[in-house]
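Q: Sending over a structure as C-alpha cells; questions will come in a sec.
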Ligand code: MN3
C-alpha cells in the first residue's frame, strides 16, 4: 500500500464516539477528533498547498526531514504534521475500556525493560502526569526492540528514524479538560484501561521485524 500524501484526509475514529465511555465521554472525543485533530489536518494541507515540491512526501518523510524543508514551512509542518501524526496514533491506539492486557513479545519486553508491568505503569503515569504544559508521553521501541518512555512537547514527535511508537497519551488539556478539568492524573489512570494491547503488540512485532 502506498503511503498517504497531500492532501491529507481526516481519518474517522476506529470506534463510535461513545465507545470509550466512561473514561472519555462522547463530547470530549467529538471535540478532540472533529475539531482539534481536523484543524491540524486542515492546517497541514493549507501549508503544503504553497509547496508543490513537498506534496509527494509522506507524513513521516516530512517529519523526519524538517531541517531540509523550506525555512518558512518548517514550523507549520512540525506543528501541524506532528499534530496529525500524533492524533492518528493516539485515537488508533485506544479501544473500549474492557479487559485486555499486554501479551506476547511486548509483555515480555515490558518485564525485561521495566522490571514488571506495574513498574512500567508507574513510570508511564509519571511521564504523562509530569509533562509540563502541553505534550505527549510515549512508549517507544528502539532499533533493537528495547522499550523506552519519552515525553515530547507541543506536537513534536520522537526521533522516528530510531524509534517505532507503540502508543502515546495526549496530555494537552484539550484531551481531558471538558470531562476531568484539572485532574490530569485521573484521566491518565483511565487511559491505561483504554490501551489497545492487541494493536500495540502488533506494532512491537513490526518494530522487532524491522531490524532483521
Ligand atoms: Mn490532542
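The values are calculated or read from the model by the stated rules, or taken from the named source; none is laboratory data. Here the structure is a predicted model, which is why all the values come from computation and not from measurement. Counting neighbours? That spans all protein chains shown, and the Cβs are built from the backbone with ideal geometry, glycine included.
Q: When you scan the stretch 81-101, how many residues do you find that are crowded, with 18+ Cβ neighbours inside 10 Å and at pLDDT below 95?
A: The number of residues fulfilling the criteria is 1.
Q: For residue 80, state whether it is outside the structural domain of residue 166 (by TED's automatic domain parsing), out of contact with any helix residue (DSSP H, G or I) (no Cβ under 6 Å at 6 or more places or on another chain), within 13 Å of the ligand (Cβ to nearest atom) and closer than 29 Å to residue 205 by Cα.
A: Taking the combined requirement at face value, the residue does not satisfy it.
Q: Select from the stretch 89-104 the residues that are more than 16 Å from residue 140 (Cα to Cα) and in a helix (DSSP H, G or I) and write down the one among them that is farthest from the ligand (Cβ to nearest atom).
A: Looking at residues that are more than 16 Å from residue 140 (Cα to Cα) and in a helix (DSSP H, G or I), I get 104.
Q: Being surrounded by 15 or more Cβ atoms within 10 Å (Cβ to Cβ), touching a helix residue (DSSP H, G or I) at 6+ places or on another chain (Cβ under 6 Å) and farther than 25 Å from residue 21 by Cα, is that true of even one residue in the stretch 135-144?
A: yes
Q: Still on this structure, I have one more. Could you go through the stretch 56-67 and let me know if any residue there is closer than 14 Å to residue 7 by Cα, modelled with pLDDT of 95 or more and either exposed (fewer than 15 other Cβ atoms within 10 Å of the Cβ) or in contact with a strand residue (DSSP E or B) (Cβ under 8 Å, 6 or more places away or on another chain) (or both).
A: Yes: the stretch 56-67 contains one or more residues that are closer than 14 Å to residue 7 by Cα, modelled with pLDDT of 95 or more and either exposed (fewer than 15 other Cβ atoms within 10 Å of the Cβ) or in contact with a strand residue (DSSP E or B) (Cβ under 8 Å, 6 or more places away or on another chain) (or both).
Q: So which residues in the stretch 49-64 are within 22 Å of residue 158 (Cα to Cα) and in a helix (DSSP H, G or I)?
A: 54, 59, 60, 61, 62, 63, 64
Q: Can you run down the residue pairs with Cβ atoms below 8 Å, 6 or more apart or on separate chains, where the first is in the stretch 40-62 and not assigned by TED's automatic domain parsing to the domain that holds residue 81 and the partner is modelled with pLDDT under 95 and surrounded by fewer than 15 Cβ atoms within 10 Å (Cβ to Cβ)?
A: Listed by first residue and then by second, the contacts come to nothing, as the list is empty.
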